[in-house]
Amino acid sequence: MLVMQKRRPWLFFFAFGGLISGCQPAQEGPPAYELAQGCFAIRKPLTEQRLGASGRSSYRLLADEERSAGSAFFLKPTGLGRFLLSDAEGALLGAEHGALQRRWHADEKAEWTIRQLEVVHEGETYTGAYTMIAAASQSRLTMRQGSLALQPLDILKPEEVALEFVKLDASACRAFPEAELNAEVSPDFDQREPSSEGVFGFVDYHTHLAFPKALGATAMSGQIFHPFGVTEALGECSKLHGKNGEWDLLEGQTSTKDGSGHAVQGYPDFPYWPNRTTNTHIQAYYRWIERAYLSGLRLMVTNTTGNPTFCQLLAVIHPLEAEGDCKSDADTEMQVRYIRDLQDYIDAQEGGPGKGWFRIVGSAREARTVLENNKLAVVLGSEYGTLFDCTESSSKCNEAYIDQKVDELYNMGVRSVFPIHRFDNAFGGTRPAGGTGGSWMHLTSKLSTSHVEHLGDLLNPAKLLFKPIGGHYWELEKCPSGVVGTQGIRSMKSFIEEDFSFLTDTVSKVPIVGGIAAKLLGWVFIDKLKPLPEYTEFQGNGSACNKRPLQDIGRYLIQRLAAKGMILEIDHLSYPTLLDTLGTLETLQYPGFVSSHGWIENLPEIRQRMFRLGGLMAASNGRPRDIVQTILQYQRERGEFFPSSGVGIGSDIQGVSSQASGEDDVTITYPFPSVDGKVQFLPPQTGNRRFDFDREGVAHYGLLPEWIEEIRQLDARQGTDAVPSLMRSAEAYLQMWEAAEQRASSL
């Protein structure tokens, strides 16, 4: 951008200087962030002509005295400096094949890059005009002799390409479709209010905003944002799930009684999803996150995640849609990039870089600054089954490799890490899960410990077609006295006989390759899983614990994470691994760790060791009455060591986990206020779908305000103070993180 000592508006230039012969060409300035969400007429600065509609397929210039339905445009950002221009009839200004046109569907041909335009004349820089570039055709909008055209990018004659955006009242425009917040926000919402108790707000320790990009981007339908708006982000899910949802591998067993599928329509009607039990549909659209933010959400940890076996299997079902290579590094990078793209998108909606309410942070100091400015601090985390691709049999996972990978993860911006998730790996043992869902994880855990690097290896004669795959199932034992362990461990033999057919049936429905793939799964795959353990000793009420303890390389990983001031996640650990991990943390005197959704051996003595050292434990998502009791219990227990502590939640939103229901004897009445009184919440509705929290519970993340309101009502009824503790939890997380960074400086 050309910078001069003096800067004057374009209108001054046109009014007093004119476009004289020999004037320098115009210079492109910064992107026109400031036009976001505005209603404008467009005209040439030299004239009083405006750009408006002329039929369904073209545009023309309108004189100032004319009034047309197409003369006002709503500017909806698609990204930083990029826009859709929607006219009063909902059509979009577009460009294709060198000509302007009206388009009725948002796509790249309706996307415009708009930048400020500057011209230097007699030593002065004149500003206030803009230039528009058609993103798809990379041509520039020009106006000549009262008509519109497109011309090459390198032509920057100000008399041809300069545009003025004239601000109009919002009522003159038809806004581009978007999900409503259903909230009235006070003008003083962002006003700072110093408190002796620290920052206000609650933390959600455990979310999966990037799950649409997990598992090769083939498990969850939809996006938490989309450049072309809500209709694309929350559209029909049939592309991934089939015309009746019959390809929905992760949800097909639970969405209907006979496992036959589900309704696929999305915005604006949503006949099936979102709902509180869905595993494969968007529950955290960015506007729903914003509504949760308005209720007091001020700090969020959002985890990348993945399962190589499921990822590869879904890639077989969706070969054209699959992204990445299903390995830890690529999956993590893709998901981190997605969250950064979300931050940029929200910034674009709010008027430019840094102006959005969603801020990714890399240190406790950054997070505190964000919260003091009443925005949402977002911590990037990793919850991957085979972190760094360190399977149990991997030979590459030595100390030098761990040093390298921890540095890479840190440089990527990740600050919170699960060493283990669902599978035994090189670092230690996992906490087993019961029931059918646990059996699916058990099956993939077997594969993760085997020689199978890719499912295709099972069919490759040069690899594993004629060889055993190795690996092992969970090595379980009866739990020590007083340890709850895992209930409901299923016989893998009965699981394969009774439930595995769901997988082969789903794969068989895939066009072209499905029939062959299903037969190969049945013929080759099942045979290589044998022998199948039956675990008869754990049937009924048997309590099972995984034998595998923390490994030496796992201990080294914890030491490296602590030395960098990163947050250790201790969920999903086998009982021996959990004890070893706590012992390691105690030796290090390191307070930077959390149990973010309670998937540990939750004994009083375990919690006491955690809280004494400075760790935190979340109240997992659940019914408000249960949450009140959990918050009060953890507040009391941690309060013995940290009196002003708060207790946050671990929603596991979009993490293959059900969300909370409401209480039968508590009713939401609208409008109701936020805890700080700065927001009034109205009945929630997206498109044509109205959400009834009393009946549906947390059908999407934007219904957290209703969930908190039920907790508040229970507090008032019972004389408890769960909500005040909840609203101190962001401060508690910051203090834990600050203490971790301080301790790291001496490690």
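Annotations for the structure displayed:
- Screening Glu118, Glu124 for residues that are open to solvent by 20 Å² or more (accessible area, probe 1.4 Å) and of a type in the set (Asp, Glu) leaves exactly one candidate, Glu124.
- Filter result for the condition that a residue is over 23 Å from Pro705 (Cα atoms), open to solvent by 20 Å² or more (accessible area, probe 1.4 Å) and β-branched (Val, Ile, Thr), over Thr304, Thr309: Thr309
- Any hit, segment 527-536, residues being in a helix (DSSP H, G or I) and more than 28 Å from Gln312 (Cβ to Cβ): yes
- Taking segment 98-115 as the range and being open to solvent by less than 30 Å² (accessible area, probe 1.4 Å) and either in a strand (DSSP E or B) or of a type in the set (S, T, N, Q) (or both) as the test, the residues that pass are Leu100, Arg102, Glu111, Trp112, Ile114.
- Residue selected from segment 577-607 under the condition in a helix (DSSP H, G or I) and among the hydroxyl-bearing types (Ser, Thr, Tyr), by the criterion nearest to Cys545 (Cα to Cα): Thr577
- Within segment 375-427, the set of residues being touching a residue at least 60 places away in the same chain (Cβ under 8 Å), part of a loop (DSSP other than H, G, I, E, B) and of a type in the set (Gly, Ala, Ser) comprises Gly385, Ser393, Gly413, Ala426.
- For segment 349-374, the candidate set comprises residues that are among the aliphatic types (A, V, I, L, M) and not in a helix (DSSP H, G or I); within that set, the residue that is least open to solvent (accessible area, probe 1.4 Å) is Val361.
- Of the criteria (1) without any contact (Cβ under 8 Å) to a residue 60 or more places away in the chain; (2) farther than 25 Å from Cys545 by Cα, which one Val628 fails: (1)
- Considering residues of segment 610-643 that are polar (S, T, N, Q) and in contact with a Gly (Cβ under 8 Å, 6 or more places away or on another chain) only, the residue surrounded by the most Cβ atoms within 10 Å (Cβ to Cβ): Asn621
- Some residue of segment 16-39 being at pLDDT below 95, part of a loop (DSSP other than H, G, I, E, B) and open to solvent by less than 30 Å² (accessible area, probe 1.4 Å): yes
- Filter result for Pro77 (open to solvent by less than 10 Å² (accessible area, probe 1.4 Å) and either out of contact with any Cys (no Cβ under 9 Å at 6 or more places or on another chain) or farther than 27 Å from Asp169 by Cβ (or both)): yes
- Count of segment 164-199 residues which are outside any loop (DSSP other than H, G, I, E, B) and open to solvent by less than 60 Å² (accessible area, probe 1.4 Å): 5
- Selection of first residues in segment 596-613 that are without any contact (Cβ under 8 Å) to a residue 60 or more places away in the chain and of second residues that are open to solvent by 20 Å² or more (accessible area, probe 1.4 Å) and assigned to a helix (DSSP H, G or I), restricted to Cβ pairs under 6 Å at least 6 apart or on distinct chains, gives the following pairs, ordered by first then second residue: Arg607/Glu637; Phe611/Glu637.
- Residue in segment 644-655 that is closer than 25 Å to Glu731 by Cβ, among the charged types (D, E, K, R), touching a strand residue (DSSP E or B) at 6+ places or on another chain (Cβ under 7 Å) and assigned to a loop (DSSP other than H, G, I, E, B) present: yes
- Yes/no for Thr587 being open to solvent by 20 Å² or more (accessible area, probe 1.4 Å), of a type in the set (Val, Ile, Thr) and out of contact with any Ser or Thr (no Cβ under 7 Å at 6 or more places or on another chain): yes
- Within the set Asp407, Asp403, Asp389, Asp457, the sole residue that is farther than 30 Å from Gln487 by Cβ and more than 28 Å from the chain's Cα centre (by Cα) turns out to be Asp457.
- Within segment 276-297, being outside any loop (DSSP other than H, G, I, E, B) and under 21 Å from Asn374 (Cα atoms) holds for Tyr286, Arg287, Trp288, Ile289, Glu290, Arg291, Ala292, Tyr293, Leu294, Leu297.
- For segment 712-726, the criterion of a residue being of a type in the set (Asp, Glu) and within 24 Å of the chain's Cα centre (by Cα) is satisfied by no position.
- Exactly one residue out of Phe423, Phe427, Phe388 is on the phi > 0 side of the Ramachandran plot and open to solvent by less than 10 Å² (accessible area, probe 1.4 Å), and it is Phe388.
- In segment 732-743, the residues that are open to solvent by 10 Å² or more (accessible area, probe 1.4 Å) and either under 21 Å from Ile289 (Cβ atoms) or of a type outside the set (D, E, K, R) (or both): Gln735, Ala739, Gln742
- Residues that are modelled with pLDDT of 95 or more and of a type in the set (Phe, Trp, Tyr) were ranked within segment 310-366; the one that is farthest from Leu294 (Cα to Cα) is Tyr338.
- In this entry, Gly488 is excluded by the filter for residues that are of a type in the set (Gly, Ala, Ser), open to solvent by 40 Å² or more (accessible area, probe 1.4 Å) and touching a residue at least 24 places away in the same chain (Cβ under 8 Å).
- The number of residues in segment 438-485 that are closer than 21 Å to Leu603 by Cβ, surrounded by fewer than 17 Cβ atoms within 10 Å (Cβ to Cβ) and in contact with a strand residue (DSSP E or B) (Cβ under 8 Å, 6 or more places away or on another chain) comes to 4.
- Pairing residues of segment 317-333 that are on the phi > 0 side of the Ramachandran plot with residues that are open to solvent by less than 60 Å² (accessible area, probe 1.4 Å) and of a type in the set (D, E, K, R), at Cβ distances under 7 Å and at least 6 apart in sequence or on separate chains, gives Gly324/Asp331.
- Residues in segment 682-694 that are over 16 Å from Glu178 (Cα atoms), surrounded by fewer than 16 Cβ atoms within 10 Å (Cβ to Cβ) and touching a residue at least 24 places away in the same chain (Cβ under 8 Å): Leu682, Pro683, Asp694.
- Residue check for Tyr345: aromatic (Phe, Trp, Tyr) and more than 26 Å from Leu80 (Cα to Cα): no
The values are calculated or read from the model by the stated rules, or taken from the named source; none is laboratory data. What you are looking at is a predicted structure, and each value in this text was computed from that prediction instead of being measured. Glycine gets a Cβ as well: all are built from the backbone with ideal geometry, and neighbour counts include every protein chain shown. Remember, those area values only see protein heavy atoms, side chains included, never the ligands or the DNA or RNA. Shrake-Rupley method; radii C 1.70, N 1.55, O 1.52, S 1.80 Å.
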